[in-house]
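What follows is a single structure, written as structure tokens, with notes after it.
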Amino acid sequence: SVIPGKSGQKYIEETHGKMTKLNTILREQKFSGCIEADGGVTLDNIGSCFLDGARAFVGGSAIIGKQDVRTAIRDFRNQVLKTKRKILIDKANELGGSDLVKKWVGLHVIGEKHDQIKKMVEEAGYL
């Protein structure tokens, strides 16, 4: 996702299309491994990389050198989790409309996570 050899490069946007195409080919071939996005992965694009099919990520300079590396990694994980939830919400809407989305939201824990999920659903226009 960057030109190899130098840390801190910007993610090459054309990689999104390449990963999507690669993911389709690998699924058709019943490949059991995973795609890794290595280079230029940040909080701003890790969700898109996950949508494209990447399941392993190298944050490099987006994590190394941070004051609190644990928090940086946690933020990356939370961004991937947010993207996973969006995929599930979209699929629930596709399969059963707003009724299924409401049931899906109702299955999740109460409190902050529930509120985050509900906000995502409302922003997507499913409720």
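Does Phe57 count as of a type outside the set (D, E, K, R) and not in a loop (DSSP other than H, G, I, E, B)? Considered against the rule, which asks whether it is of a type outside the set (D, E, K, R) and not in a loop (DSSP other than H, G, I, E, B), Phe57 comes out as yes. Annotation note: of Lys10, Lys21, the sole residue that is part of a helix (DSSP H, G or I) and farther than 25 Å from Glu123 by Cα is Lys21. Only a single criterion out of (1) at pLDDT below 90; (2) farther than 24 Å from His16 by Cβ; (3) part of a helix (DSSP H, G or I); (4) not hydroxyl-bearing (Ser, Thr, Tyr) is not satisfied by Lys66, namely (3).
Taken over the stretch 95-127, the residue count meeting the criterion of being open to solvent by 100 Å² or more (accessible area, probe 1.4 Å) and either of a type in the set (Phe, Trp, Tyr) or not in a helix (DSSP H, G or I) (or both) is 2.
Would you confirm whether or not the stretch 35-55 contains a residue that is in contact with a strand residue (DSSP E or B) (Cβ under 8 Å, 6 or more places away or on another chain) and surrounded by fewer than 12 Cβ atoms within 10 Å (Cβ to Cβ)? No.
The values are calculated or read from the model by the stated rules, or taken from the named source; none is laboratory data. Everything numeric here is computed off the predicted structure, so don't read it as measured data. Please note: Cβ atoms are built from the backbone with ideal geometry, for glycine as well, and neighbour counts cover all protein chains shown. Note: areas computed on protein heavy atoms with side chains; ligands, DNA, RNA excluded. Shrake-Rupley method; radii C 1.70, N 1.55, O 1.52, S 1.80 Å.
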